[in-house]
Number of protein chains: 2
Amino acid sequence: MVPSAVPSTGPSAGQDLSLTAQAIEHRMEEIGRANGTSNGDHKPAPKELDASKLTYTFTKSPREVPPPGVDSVDGSTICTDHMISVPWSQKNGWSTPELKPYGPISLMPTASVLHYATECFEGLKAYRGFDGKLRIFRPDCNSARMLQSSVRISLPSFPPAELQKLILALIAVDGPKWLPRERPGTFMYLRPTMIGTQSQLGVTAPMEALLYIILSFMPVLDSPAGGMKLHTSPDDMVRAWVGGFGYAKVGANYGPSLLATHEAKSRGYQQVIWLYGKEGYCTEAGASNFFVVMKTKEGKTQIVTAPLDDRLILDGVTRRSTLQLVRERCRDEVEVVERSYTIDEVMEADSEGRLVEAFAAGTAFFICPVSLIHHRGRDVAIPMGKAGAGGHYTQLIKGWLRDIMYGRVEHPWGVVVQEQQ
Amino acid sequence: MVPSAVPSTGPSAGQDLSLTAQAIEHRMEEIGRANGTSNGDHKPAPKELDASKLTYTFTKSPREVPPPGVDSVDGSTICTDHMISVPWSQKNGWSTPELKPYGPISLMPTASVLHYATECFEGLKAYRGFDGKLRIFRPDCNSARMLQSSVRISLPSFPPAELQKLILALIAVDGPKWLPRERPGTFMYLRPTMIGTQSQLGVTAPMEALLYIILSFMPVLDSPAGGMKLHTSPDDMVRAWVGGFGYAKVGANYGPSLLATHEAKSRGYQQVIWLYGKEGYCTEAGASNFFVVMKTKEGKTQIVTAPLDDRLILDGVTRRSTLQLVRERCRDEVEVVERSYTIDEVMEADSEGRLVEAFAAGTAFFICPVSLIHHRGRDVAIPMGKAGAGGHYTQLIKGWLRDIMYGRVEHPWGVVVQEQQ
């Protein structure tokens, strides 16, 4: 937290310190207030998001499923036949959710999202298992995080369980055709999105919004040839900051980072590793969480990642799952440490032969081995294991998660979708 | 700047520090490269933005001009009959600019702007002068800033003079009807906007974009009854940070700030005054620049505002004009100071009777007197002048600018529009 310059005095001083926290609390309270109960003056209360009311309008122009490995055409992401769409207004609350043919969204040029970045999203994958079943991974986590992001960016609140039901409803309809049983071991990418649609140029929270869910193809990003190469962020670009919104999956975290990423790519690196503060704390790698396996000076093996408490980084579902599995399954051989650590520490570990391995973790990049970090003119090579596909722990964690996602083991995180045939 | 943890070593260390600056340089170079000249392999070079090619498609359903004072209908901003629209693609460059009927924009659900906040804008007003002429104020400044913002958010570059010509073309067509000679002393609001339109979910710079310009009504915001009341930002929300993008007019600066502003409004304050760092530096008031007039302990009168060098604040056109006019016209009685100053200093000046006046400055709020700052449980009342409409300098500066905008004096900043009759 950034401390205030003036000591708190007076009755409302404490309240003034947590303006944002209280605003979030007020928005969250709306979930409880909505639905059914009318207020004193006989106006109907705004309606809550209700997945059970979902209507289905099926496409009359079904499209062809692309061959395996094709995810876009002419630079456009390929999506499935349908999408789910739910308008919201402050006055009426959530409209009836609709599953309908995939197609363009019409916005007035004055729409809030086009000017003030009133937008947030989620990303999760649907997996066609080796047992033939269709699964999604911990959708409860994504649905809960979508609520956090939505409220942070002044978009409406909703019960996360209803969002999860809508996500399942879309994949239930389009999964059988687009992620067919004949392609076990493949995945698609779900993108729940919320945007501020009010046609109003004033800098104010939008009174109209649209929640939509689409299902798309995405390339496999977890095994680049030779591993992922990272370039540390420059002094003139800081991704997120204490008191900011680095923890939320809002558009405002992404657009501003593209410039440095593009420049790093032109120099031969795939992603930027974002440093923070004069200490150079490692936070995220690209739009993924970042893990380093190092030995301590005493020879103890640690798997280290940035902490959540300063709200600089995304509370990643893959990050959380990684931490939990390592804690459960190899507590005795490796210590899990969530703490602030600097690029200096990583470079020191390298120069002392204590750097074991490193990987990025996220839904898009899954568990992706990192082979190199470039920092201020120096290259740090990171061991990639005997087969060159990532170190021992990188491969171990990847295998554990893959087994859950593709149904090689039964696990509560792998939620089976009841497909509509 | 946030210093790096590790001292620069090796040949490319300096280059690594300025990744963003170099990325911006590369984007700027595109302006020179585009247009006419083909590269070696006979592909035509991408086309530059060219206002001279503007085509005109006039509306067949002209709408009615609202009565004076009406700027929106059912929460939607009222715009004029036409807009200007120019698509861009990395491959082909800028398409032919088109003036066409105002109407919705169609975007695929995967469009970059809806997910990654690849968007920026400008705001400037068109003024119907007391001499009957139509003017805009320093459009060269807005056009140049739009280029800075566009490049910062990984949208295309363009020659600012071409944007300025397009702005003038729209107001030339819609000005005569929508800002008629019978309403001298009134204004409308121009909003040039750029959005990333590529239908691609990857976190990458969009290869397609759309520039559009709209002309809308906006309420008068510069004279709220009793003056503008400000609430200092909480510890848990920092608007912009060193190494960030506070200086750019990108959507990512606005959406995240709405939450605290909404909460401040619900407590009876109109805007948030954004503090920075543990020192509590005053940066902006709402989405405007902020000025304080204080006497020094030695009795000298100073007009103080935050500096531009750390790139935390917007380089406002009204801010810049204010500084220049005060320096030109009352150098002997008041000293103009651009420096970092803290909320503590303002509160100390108040308690010692040295706080003279304060105002917000920007296109939307124009020069708006500030009557109160609430900070950590304490209220600081700020003198509002004898008539209660703002202090001496607030009123003086407002008058100077108004005279230029509405043609009471001839001044190079007031650019006369050649109207199409």
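The values are calculated or read from the model by the stated rules, or taken from the named source; none is laboratory data. Remember, it's a predicted structure, so these values are computed and weren't measured experimentally. Reconstructed Cβ throughout: ideal geometry from the backbone, glycine too, with neighbour counts over all protein chains shown.
Observations, loosely collected:
- Residues satisfying the criterion are present in the range A:153-163 (criterion: within 26 Å of A:Val409 (Cα to Cα) and more than 14 Å from chain B (Cβ to nearest Cβ)).
- Residues located in the range B:25-68, provided they are of a type in the set (A, V, I, L, M, F, W, C), over 17 Å from B:Leu211 (Cα atoms) and either exposed (fewer than 12 other Cβ atoms within 10 Å of the Cβ) or modelled with pLDDT of 85 or more (or both): B:Phe58, B:Val65
- At least 1 residues being over 30 Å from B:His411 (Cβ atoms) and at the interface with chain A (Cβ under 9 Å from one of its Cβ atoms) is the threshold, and among the strands (runs of 3 or more DSSP E) wholly inside the range B:70-136 those reaching it are B:82-89, B:105-107, B:119-121.
- Among the residues of the range B:130-151, the ones that are surrounded by 21 or more Cβ atoms within 10 Å (Cβ to Cβ) and more than 15 Å from the chain's Cα centre (by Cα) come to 3 in all.
Residues are listed down the side, and each one gets a yes or a no for (1) within 30 Å of A:Cys141 (Cα to Cα); (2) surrounded by 21 or more Cβ atoms within 10 Å (Cβ to Cβ); (3) touching a Lys or Arg at 6+ places or on another chain (Cβ under 8 Å); (4) among the β-branched types (Val, Ile, Thr):
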{"residue": "A:Leu221", "(1), (2), (3), (4)": "yes, no, no, no"}
{"residue": "A:Gly227", "(1), (2), (3), (4)": "yes, yes, no, no"}
{"residue": "A:Leu230", "(1), (2), (3), (4)": "yes, yes, no, no"}
{"residue": "A:Asn253", "(1), (2), (3), (4)": "yes, yes, yes, no"}
{"residue": "A:Leu275", "(1), (2), (3), (4)": "yes, yes, no, no"}
{"residue": "A:Lys297", "(1), (2), (3), (4)": "no, no, yes, no"}
{"residue": "A:Lys300", "(1), (2), (3), (4)": "no, no, no, no"}
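- Checking B:Lys133, B:Lys165, B:Lys125 one by one, the residue that is touching a Ser or Thr at 6+ places or on another chain (Cβ under 8 Å) and farther than 24 Å from B:Lys47 by Cβ is B:Lys125 and no other.
- Some residue of the range B:69-84 being of a type in the set (S, T, N, Q), closer than 29 Å to B:Ala252 by Cα, at pLDDT 95 or above and touching a Pro at 6+ places or on another chain (Cβ under 6 Å): no
- For the range A:137-176, taking the residues that are of a type outside the set (A, V, I, L, M, F, W, C) and part of a loop (DSSP other than H, G, I, E, B), the one that is farthest from B:Val238 (Cα to Cα) is identified as A:Arg138.
- Taking the listed residues A:Ala358, A:Ala349, the one that is touching a strand residue (DSSP E or B) at 6+ places or on another chain (Cβ under 6 Å), within 14 Å of chain B (Cβ to nearest Cβ) and crowded, with 21+ Cβ neighbours inside 10 Å is A:Ala349, with no other qualifying.
- Among the residues listed as A:Gly255, A:Gly286, A:Gly277, A:Gly246, the single one being within 7 Å of chain B (Cβ to nearest Cβ) and within 17 Å of the chain's Cα centre (by Cα): A:Gly255
- Residues located in the range B:212-239, provided they are at the interface with another protein chain (Cβ under 9 Å from one of its Cβ atoms), in a loop (DSSP other than H, G, I, E, B) and among the aliphatic types (A, V, I, L, M): B:Met218, B:Met237, B:Val238
- For A:Ala389, the criteria (1) within 29 Å of A:Ile136 (Cβ to Cβ); (2) within 14 Å of chain B (Cβ to nearest Cβ); (3) in contact with a Pro (Cβ under 8 Å, 6 or more places away or on another chain) hold in every case but one, which is (2).
- Selection within the range B:289-300: residues that are within 19 Å of the chain's Cα centre (by Cα) and of a type in the set (A, V, I, L, M, F, W, C). The member of this set that is nearest to the other protein chains (Cβ to nearest Cβ) is B:Phe290.
- The range A:165-179 residues that are at negative phi and modelled with pLDDT of 95 or more, paired with ones that are buried (at least 24 other Cβ atoms within 10 Å of the Cβ) and assigned to a helix (DSSP H, G or I) (beta carbon under 6 Å, 6 or more apart): A:Ile167/A:Pro139
- Being more than 10 Å from chain A (Cβ to nearest Cβ), surrounded by fewer than 21 Cβ atoms within 10 Å (Cβ to Cβ) and touching a Ser or Thr at 6+ places or on another chain (Cβ under 9 Å) is a description that does not apply to B:Tyr189.
- Pairs with Cβ under 6 Å, 6+ apart, first in the range A:287-311 and in contact (Cβ under 8 Å) with a residue 24 or more places away in the chain and small (Gly, Ala, Ser), second assigned to a loop (DSSP other than H, G, I, E, B) and surrounded by fewer than 22 Cβ atoms within 10 Å (Cβ to Cβ): A:Ala287/B:Val203
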